[in-house]
Every structure is written in structure tokens, then in C-alpha cells.
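What follows draws every value from the coordinates through simple rules; no lab data is involved. Here the structure is a predicted model, which is why all the values come from computation and not from measurement. All Cβ positions, glycine included, derive from the backbone under ideal geometry; neighbour counts span all protein chains shown.
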Amino acid sequence: MKIALVGNPNVGKSVIFNALTGSYATVSNYPGTTVEVAKGVWRFGGHVANIIDTPGVNSLNALSEDEKVTCDILRSDIGCIVHVADSKNLKRSLLLTLELAKLGIPLVLCLNMADEARERGIEIDARKLAERLGIEVVETVAVTGEGVSRLKDAIRKARLPHVAIDIIPGKHETVKPQEMMSLVKRTRVAENIAKSVLSVSGNLKASIAEKIGSLTIKPVTGIPILIGVLVFMYFFVGRFAAGTLVDILQEGFFGKWVNPFFIDIADKYIRSNMLKDFLVGDYGIITMAVTYAFAIILPIVTAFFLFFGVLEDSGYLPRLSVLSDRVFKVIGLNGRAILPVILGLGCGTMATLTTRILDTKKERIVVTLLLALTIPCSAQLGVIMGLLGSISLKATILWVLVLLSVLISVGFAASKIVPGERSPFIQELAPIRMPKISNIIVKTFARLKWYLKEAVPLFLLGTTVLFVLDKLWILRWLEKALSPLVVHFLGLPEKITSVFILGFLRRDYGAAGLYAFSKSGALNNIQILVSLVVITLFVPCIAQFFVTVKERGVKVALIIGVFVFLFAILAGGALNFALKHLVEMGVAII
């Protein structure tokens, strides 16, 4: 039997999926699309069921690619549907329940996040709701496992719905769900059922959470809150992690203990100069790759992942979409575009994949371009914050203003060039809540595991490439060949060329190279700011480029890559000349 987990976005389907399948989960693209669908196996009582975790949907009237995939899955040979719903939004959930009921497939309603509903004084009579819908209804708290065993029992007893509809108060008739076709009728039925099973009591915690949530989406209060969040990130990631922690690891642990130890071992026991340079030279695996990966990048990404986990678990991220909707209208997008942009601050590669949540091809192309051009990934952003923090707050503000002006101007131009329309803005708002330390720690460790698995090998590869290029004199040839551009136009040292090469292999690796250059005193403040703007706007890392090819096609990916490269160089050159001119005029801009 195939069991499909269906529900609105952000209702906990994936947690329910993991509770049912354990370690049997696999993720693959749905045939004919680029939308990933998780599949797993649930074994019970000698039986086996295949579980499919479908992409989130707001309605079976599919608009986005994700919703179309869910509808296609439901049209296949599904033996049971588990509708995972948000207990705090019963009426909205029931609208989808009634749509699913029309499919003529055994259905179970899982009222997840029951603890959050109770905290807000919301009580649902699950037994009465089950009678009204003619199906099994189970309340769960997926993150703690509460109700999961009852859900498993309910799935085994899944049956076809028979919905009881109000005729007059106190009297009902039972109808086949296929008869309820109109949205108006479904809405009225959902309202009536919700009223009959729902009770709400006053709750101080809920009212405070709702007030805070309301403040985050109003421009007058939301913008100062956002600025406060960004300032906190600047000090926590940029000053504390990229400053204090990196200094302890790079200059202390690695600088005084690790690197001298391996250099001493190499001097004593390795006769081959080539092998010695490969391990502990200027482009050595230990002195460069391992040091960059663990002494510079690891503390920074750890701090950023912790910070991002708090934003994620608090329910703040979706509210940014409401707050930013007006700004994104200018560039032909809606507020949902902020979600891939925010995820891009974690990893541009994954963010490019999440552009699938956008409804139109035009929106997906424009956001993919902006991700490649203006959004630094987590490790890169952390290093950038650390370097800017070593200059001044004015330098940080100037860097942010440059990126915002580029995002808006390029986005506006792209919205006029790329054909298509802006889709309507609909966004599910999760409630503001106190982040759970356990959730944040689990997510942070999962992301660090990804970093160690995916990023560190690329650091080793990148260092090996640089080592080979250096030994073959290709690196020096590139430095000389690009000297007019790098030195005269951008105003940077020749050796910065290697940083840009690293940036293509991996963005954070390139940023780490800049960090090392600046700490050695090879760059002045203007050069630091210009190089940071260039490497932020520079071509996306090779992994993000390949994902762009996969998502948008070779032609679009190449156009984006060439445009981003040329734009980054032109923007860096313009900034270099502007800053030097201001300095000559006696203006202390940074």
C-alpha cells in the first residue's frame, strides 16, 4: 500500500514522515520534474507500506510546480492519504481536508502541533470531528512523538469519508464528499464543522505571541525589528565568531600548535620538496585547506547556523515575506521570493532548488539570477562580516547599500526583460513562538554535518587545483594576464586573482582567502571593501552553477554566469574609482 502525507506548508509533514519511516527515507526527483519527493518504508505487523512525503499545498487547484507534483501523486495508486494539519488553523485545514475527501481515497486527519494549539487556549474535540468527517482523527505533537502510535493505529483503520453537513442547527445529513464541489460550499461546511468542534479560551501567552507576530509584519515596527535582527547578526557572526573565535583557532590553536607541528614533521621526515609543499606549503593541504576549513570557516558557519536556526524555529522567516512584499513588487516578484533569498544566506545551491516554490517561470529565473549575483552564502557572509567589522560600521552599511541597490536595479531590469507575469501573493504565517533549544541544536548539527561532508572535500580539491596551477606557473600567468583588470581597474594586488579562482570553486573558500590576505596586511580598507563587493557579486560557486543548469537549463545558466562575471567586475571597478575620488576630496567615507 502507498500512503501519501499531504498538507499545507510548514505543518510538520516531514517530522511525521521520519516518525513513520525511521532510517528508510530516500529523496529523489519526481519523474519529469525537478521537485524532490521523499519516499520511505513503514514496517508494521509483518506488513510493508510505502510512505510518500508530498510537497506542501494550499489547494488541489495546483498553481506551483510543487502543488502539481502533489496532485499527480494523488492521482496515482494511493491506498491512503494522511492529511497532516495545523491544529491552530483548523478552519483553513478543513478546506483542504474537504478537497482531499472528494478523491474517494481512505483518509486520516492528523492534527499536528497540538501542544501549540493548547498553549493558545485552542481545544479541539477530535472524537466529534471524526464523527463529522467520517474518518479517523488523531492529535499529535510530532517533534516529541506524542500521538504517533495512535496515528499508526488510525492509518491501519483508514476509511472513506462521509461528511455530516448542517441542515438546521442540531441536525445533519451525511453526504458523499464528491457532491461538495463549490469553494463557497466547502468554506461554509468548514466553518460549521470548525465551530462545532472548536473551543477557544483566553491565554496570555497566546496574546503576547500574536502581538509580537503582528509587530513583525507592520512596516513601522517590522523594519526596525529587522534592522535589530541584522545588527545582532553583525555582532554575533561578524564580530564574535569571525573575530574572537577565528582568532583563537587560526592564530592560537592552528597558528601555534597544529601547523608548526606538521611543518616540523615534514621538515624532518619528508625529503621531496614537492610533497612537502603539497602538505604544508603556501597552497598546502594542511596549512591552507584544513586551516581555512576548520579555523576560519567552521566557527563562522556554526554561529550563522545557530542564528539562522533561531530565526527559523521562532516563526520569524515567513513574516519577512509579508514585510518585503512591497519591495519585491518593484522587481516583478512577490513576498514569497524572500524565502529563497533568506535560504541563500545559508547555501546558494539549496536556495536555487527552493525557487521551485515560486509559481511562475519568470519569477524562478529572476530569483535564480539574484541568488547568483547578490546573495552571499552563510560561510561567505560570516567572513565578510568579520572583515567589515575590522574596518568600520560605515563600511558595513556601504556594502549593504551597494548590494541592495544592485538587487533592486538588476531585479527591476530583469523583470522587464524576462517574459511572464507576477503571481498573486499568498503566504502561510506560522505563529511566533519561543525557539526550542533542542530543535536549534539538531538543525545546527545536521547543517554542520552537511558542511563537513560537502564543503571540506571541495576545500581539499580547491587547494589541490591551486597547488597544480602554481607548480605549472599557470597561476602566475593568470595573475599577469589579469593584472590590468585586477590591479589597474579594481585596484587590488595581483595575487587576489587566486582568491577569485577559489571563489568559483567555492564562495566561502574565496572569502577565506580574502580574510587571510587582509589579516596579513596585504590590503588596505578600500581594497578590502572593493574585493568584498566583487567576490559577493562574483560568479556563483561551481556547485550552484551546476544546480542552475539543472533547474533553468544550460542556456539560462550560461547567460546568468557571463552576466554576473561582467557585472561584478564593472561594479567593483566603479566602486574603486568612486572611493578613491572621495578620498582625494578629503571625504572619510570608510
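Quick look at the numbers
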| read-out | value |
| --- | --- |
| Of K329/K394; K157/K185; K211/K329; K443/K550; K185/K211, pairs whose Cα-Cα distance is over 31 Å | K185/K211 |
| Charged-residue dipole, Cβ positions (Lys, Arg, Asp, Glu), the range 217-584 about Cα centre, Debye nearest 20 | 680 |
| Kirkwood Rh, Cα atoms: Rg over Rh of the chain | 1.03 |
| Cα centroid separation - the range 506-571 against the range 437-475, whole Å | 16 |
| CD proxy at 222 nm, helix term only [per DSSP H run n ≥ 4: -39500 (n - 2.57); per residue of the chain; nearest 500] | -17500 deg cm²/dmol |
| DSSP beta bridge pairing in the chain, given as percent antiparallel to the nearest 5 | 55 |
| Whole-Hz couplings from phi, Karplus 6.51/-1.76/1.60, listed for the range 279-295; x for Gly and Pro | 8, 10, x, 4, 10, x, 4, 7, 6, 10, 4, 5, 5, 4, 5, 9, 8 |
| 3J(HN,Hα) from dihedral phi, the range 106-121, Karplus parametrisation 6.51/-1.76/1.60, rounded to Hz, x for glycine, proline | x, 10, 10, 9, 9, 8, 7, 6, 4, 5, 5, 5, 5, 4, 9, x |
| Surrounding net charge for P106, when Lys and Arg each add one and Asp and Glu each subtract one, Cβ distance under 11 Å | +2 |
| Value of Rg/Rh across the range 75-118 [Cα atoms, Kirkwood radius] | 1.03 |
| Exposure proxy order (Cβ contacts within 10 Å, fewest to most) of R336, R476, R271 | R271, R476, R336 |
| 5 angstrom amide H check on V163, placed H, neighbours 5+ away | V175 |
| Projected-area mean, the range 265-329, by convex hull of Cα positions, square nanometres | 7.3 |
| Alpha-carbon Debye profile of the range 434-517, log10 I(q)/I(0) at 0.21, 0.23, 0.24 Å⁻¹ | -0.96, -1.08, -1.14 |
| 0 to 90° range, to nearest 10: angle between helix 554-584 axis and the chain longest Cα axis | 50 |
| Distant-in-sequence amide H partners of V143 (H built 1.01 Å from N, under 5 Å) | none |
| Among N525, V539, I357 - extreme Cα towards positive end, dipole of the range 217-584, charges at beta-carbon | I357 |
| Relative contact order %, the range 217-584, counting alpha carbon pairs below 8 Å whose residues are six or more apart | 20 |
| Dipole of the chain, positive end: most advanced residue of L466, A266, L96 [Cβ charges, Cα centre] | L96 |
| Exposure proxy ranking, count of Cβ atoms within 10 Å, fewest first, for Y292, Y234 | Y234, Y292 |
| Globularity index of the range 236-293, i.e. its alpha-carbon radius of gyration over 2.2 N^0.38 Å | 1.30 |
| The range 96-136, dipole about Cα centre (Lys/Arg Cβ +1, Asp/Glu Cβ -1), debye to the nearest 20 | 180 |
| Charge dipole of the chain about the Cα centre (unit charges at C-beta), most positive-ward option of I105, G255, A571 | I105 |
| Helix axis angle, 183-197 relative to the chain longest principal axis, alpha carbon, degrees | 80 |
| Whole-Hz couplings from phi, Karplus 6.51/-1.76/1.60, listed for the range 254-271; x for Gly and Pro | 6, x, 9, 10, 5, 4, x, 4, 6, 5, 5, 4, 5, 5, 7, 10, 10, 8 |
| Degrees separating the helix 393-417 axis from the principal Cα axis of the chain, which is the longest one | 60 |
